[in-house]
1. Please enumerate the residues belonging to segment 131-161 that are of a type outside the set (Val, Ile, Thr), over 16 Å from ALA68 (Cα atoms) and open to solvent by 70 Å² or more (accessible area, probe 1.4 Å).
2. Any residue in segment 27-54 that's within 20 Å of GLU8 (Cβ to Cβ): show its pairings with residues that are outside any loop (DSSP other than H, G, I, E, B) and of a type in the set (Val, Ile, Thr) at Cβ separation under 6 Å, as long as the two are six or more apart or on different chains.
3. Kindly provide the set of residues from segment 78-121 that are part of a loop (DSSP other than H, G, I, E, B) and over 16 Å from the mean Cα position of the chain (by Cα), ordered by number.
4. For ALA57, indicate whether it is in contact (Cβ under 8 Å) with a residue 12 or more places away in the chain and open to solvent by less than 30 Å² (accessible area, probe 1.4 Å).
5. Is segment 23-37 home to any residue that is open to solvent by 70 Å² or more (accessible area, probe 1.4 Å) and within 27 Å of ALA139 (Cα to Cα)?
6. Enumerate the pairs (first residue in segment 86-103 and surrounded by 11 or more Cβ atoms within 10 Å (Cβ to Cβ); second residue anywhere and among the small types (Gly, Ala, Ser)) with beta-carbon separation below 6 Å, excluding pairs fewer than 6 apart on the same chain, so at least 6 apart or on different chains.
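The values are calculated or read from the model by the stated rules, or taken from the named source; none is laboratory data. Since we're looking at a predicted model, the values are computed, not measured. Cβ coordinates were reconstructed from backbone atoms using ideal geometry, including for glycine residues, and neighbour counts include every protein chain displayed. Remember, those area values only see protein heavy atoms, side chains included, never the ligands or the DNA or RNA. Shrake-Rupley method; radii C 1.70, N 1.55, O 1.52, S 1.80 Å.
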Amino acid sequence: MARLPETEGAGDIARRIRERRGGALRTLDRMLLHSPQLADGWNSLLGALRSRMELAADIRELVILRIAVLNRAAYEWTAHEPEARQAGLGDAELAELRRTSPELDERRRRVIAYTDAMTRDIHVPKALFDALRADFTDAELVELTATVAAYNMVSRFLVALDV
């Protein structure tokens, strides 16, 4: 059970969140709406990450699920597993994400190594970043980095509030 009660939220901010979510608020939204201005900024940032980037959906969801594993954010895994499947990740890949060293193709292994470095160590080795430059455009690298950073924020929020 979450450490704070859920709130329904009212007004334009709650309406915008409902619109982005397809009409319904999630538990995460109901926590954020205790601070409407925070919820509004969060909604804008996460909306951009989810739907207005060049980064491929399968890579985005791979990152999100890996962060859910690393930060023990079960809610995040449950929320994003269907999205990951829709983006083309299958049972074998999802199972690999739960392993210490996932066995994936080279490109995805580099993405996981980057996610792990940003999440666990904060520092990203130069060689790893340089290797990713062959896989992604500059815009995609910025988006990948922002996705890892933002979903670490999301998972840490969820875990701290026991959502």
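1. Answer for segment 131-161, where residues must be of a type outside the set (Val, Ile, Thr), over 16 Å from ALA68 (Cα atoms) and open to solvent by 70 Å² or more (accessible area, probe 1.4 Å): ARG133, ALA134, ASP138.
2. Partner pairs satisfying both residue conditions: ASP29/ILE17; PRO36/ILE13; ALA39/ILE13; ASP40/ILE13; ASN43/ILE17.
3. GLY88, GLY90, ARG99, THR100, SER101, PRO102, GLU103, LEU104, ASP105
4. Taking the combined requirement at face value, the residue does not satisfy it.
5. Among the residues of segment 23-37, not one is open to solvent by 70 Å² or more (accessible area, probe 1.4 Å) and within 27 Å of ALA139 (Cα to Cα), which makes the answer no.
6. ALA87/ALA57
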